[in-house]
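Everything below concerns the one structure shown next.
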């Protein structure tokens, strides 16, 4: 759909723009959440300290990486059944590389999601699932994908698309 709107002959050309936009959105999300949770600063004492103060924690030091397990489930909403394959390929090409995705033997993906706060982690995983859903919807499919922390019980789900018509 985006390819047609932008007038590109090749999906690869469109992917360059879409990927750049997704990367820009991730940078802006990071900057936004960094403003909400600024690094700790210390005032400078007038007299010399008796002991050395602890260094101020920088934004880079505050970054954490979460291991997120993604269960990618795409359902085709057409009778032809061709959209599912194309949706999975587009997701693997345009969405998953942003998180250094590695496919596990179970078929799930392990993603590395950098974040500073729990709220930022939630927002990034939600944005990931929305991107997957968008890729699926553009190919007449729906996403029933879910993500969970590898070492925790926390789960995110984002289900899209109408249920297939029953005749």
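The values are calculated or read from the model by the stated rules, or taken from the named source; none is laboratory data. Note that the coordinates shown come from a computational prediction; the quantities given were computed from them, not determined experimentally. Backbone-built Cβ (ideal geometry, glycine too); neighbour counts: all protein chains shown.
Going by what's in this entry, would residue 53 be described as assigned to a loop (DSSP other than H, G, I, E, B) and at pLDDT below 90?
Here the answer is yes, as residue 53 does meet what is asked.
Only one of these conditions is not met by residue 97: (1) under 30 Å from residue 139 (Cα atoms); (2) modelled with pLDDT of 90 or more; (3) touching a strand residue (DSSP E or B) at 6+ places or on another chain (Cβ under 8 Å). Which number is it?
(3)
So which strands (runs of 3 or more DSSP E) stay within the stretch 93-153 end to end and still have 1 or more residues that are surrounded by fewer than 21 Cβ atoms within 10 Å (Cβ to Cβ), under 11 Å from the mean Cα position of the chain (by Cα) and touching a residue at least 40 places away in the same chain (Cβ under 8 Å)?
Filter on the stretch 93-153 gives 109-115.
Exactly one of these conditions fails for residue 85: (1) modelled with pLDDT of 90 or more; (2) assigned to a helix (DSSP H, G or I). Give me its number.
(1)
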